[in-house]
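Chemist: After the structure tokens below, expect a handful of questions from me.
Readers should treat all values here as calculations from the given coordinates under stated rules, not as data from a laboratory. Since we're looking at a predicted model, the values are computed, not measured. Glycine also receives a Cβ, built like all others from the backbone with ideal geometry; neighbour counts cover every protein chain displayed.
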Amino acid sequence: MICYTYDISGCAPVMVKINRSLGNQQETKALSKQVATPETARPLASKFAKKSKNAKKPDDSEQAWNEWLAGVIDGDGCLLVSKAGFTSIEITMALGDEHALQQIKQKLGGSVKLRSGSNSIRYRLHNKAGMLDLIKRINGNIRHSTRVKQLKAVCQILNVPFIEPSPLSYYNGWFAGFFDADGSITYSFKNHYPQMSISVTNKNEGDVIFFQNILGGYIYYDKSQNGYYKWSIQGKSDILNLLNYFKLYPSRSHKRLRLFLVPQFFEYVELRYYSKAVDSLQYKAWAKLVEKWQIRG
């Protein structure tokens, strides 16, 4: 997230996250402290299987989109009040996520512009009518600790009652939005075997615990980069089940392109195409998949 300091605290500038393919490289970040253990973490596969088996499309697609928007704002947004008392919002994402920001602009108005000196783009909305529409959509869906404080301040200026966030459930587009903002989908070779990982990172454990509580998986603490918490799932069945969620609440960032490749990835891994002779058609199929993966990173 990149945003600027106004009257409200919690908008200190930081670098936007850009997830790059690991290809066949090993992950370099050492997860130094395990917060959840296999005994305490909620099992994902069985929990997800029951939910996804009877999964159906959300009844209100507009509400699902609003939940997704709140997730994006919780991860990469900043609700602002200027010294003169004007409200605005900024959402800064990687350049490859223009599709997501253009969707927001189409719904709410505002502008999407390149950030000078960085490989990122920024959406900005500041007119009162647009801000009132925004607050109507996200009020009750914002749950990031810092963003809640910002929303309360904006609501006060706009004379709109603040709505506490409702409890999260599996059937909520918020997870897709927060994943688009702070998530990643990568793979690396471990013991000469390709292993995929889907994860979400944040500085505050309380802002990723929702993923573990509803979607299972584990949370780790990483001391690198001034420390952050990382929720992740890695097993094939867990990841394939997670795709059922994204069928209901689609990703709108560049990460959706890699999600499309997940079933093919596991098919090729199961057939061990990655270990075939380099001049074989099977290995060439694997190499083509890796090329697509890198392009879509």
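Chemist: Using a 10 Å cut-off around each Cβ, can you sort H99, H254, H126, H192 from fewest to most neighbouring Cβ atoms?
Modeler: Final ranking by Cβ density, sparse to dense: H192, H99, H126, H254.
Chemist: Give the order of D279, D180, D76 when sorted by the count of other beta carbons within 10 angstrom, beginning with the fewest.
Modeler: D279, D180, D76
Chemist: In percent, what relative contact order does the range 61-158 have, based on Cα pairs under 8 Å that are 6 or more apart in sequence? Spell out each step's value before the answer.
Modeler: Details: 132 pairs, mean separation 33.0, N = 98.
Taking the mean separation of contacting Cα pairs over the length of the range 61-158, I get 34 percent.
Chemist: For the range 61-158, state the semi-axes of the equivalent ellipsoid (square roots of 5 times the eigenvalues of the alpha-carbon gyration tensor), sorted largest first and rounded to whole angstrom. Please report the intermediate quantities before stating the final value.
Modeler: Details: eigenvalues 77, 51, 33 Å².
Equivalent ellipsoid of the range 61-158: 20, 16, 13 Å, largest first.
Chemist: Continuing with this model, one more query. Cut-off under 20 Å on the C-alpha distance; same-chain residues fewer than 8 positions from K83 excluded. Which aspartates and glutamates are left, in chain and number order?
Modeler: D7
Chemist: Further, regarding this structure: Could you tell me what a quarter of the Cα convex hull surface of the range 98-203 works out to, in nm² with one decimal place?
Modeler: If I average the Cα hull's projected area over directions, I get 9.7 nm².
Chemist: Another one. Do any of K190/K288; K152/K223; K149/K203 go past 25 Å between their Cα atoms, and which?
Modeler: The answer is K152/K223.
Chemist: Next question, about the same structure. Count charges around S280 for me, please; just the other residues with Cβ under 13 Å from its Cβ, Lys/Arg as +1, Asp/Glu as -1.
Modeler: Surrounding charge for S280 is +3.
Chemist: Using 0.36 nm per residue of separation minus the Cα-Cα distance, give me the extension gain between K236 and F260 in nm, one decimal.
Modeler: 7.2 nm
Chemist: How large are Rg and Dmax for the range 254-297 when only the alpha carbon atoms are used, in Å?
Modeler: When restricted to the Cα atoms of the range 254-297, Rg and Dmax are 10.6, 32 Å.
Chemist: Within the set of other residues whose C-beta is less than 10 Å from the C-beta of G71, count the net charge using Lys and Arg as +1 and Asp and Glu as -1.
Modeler: -4
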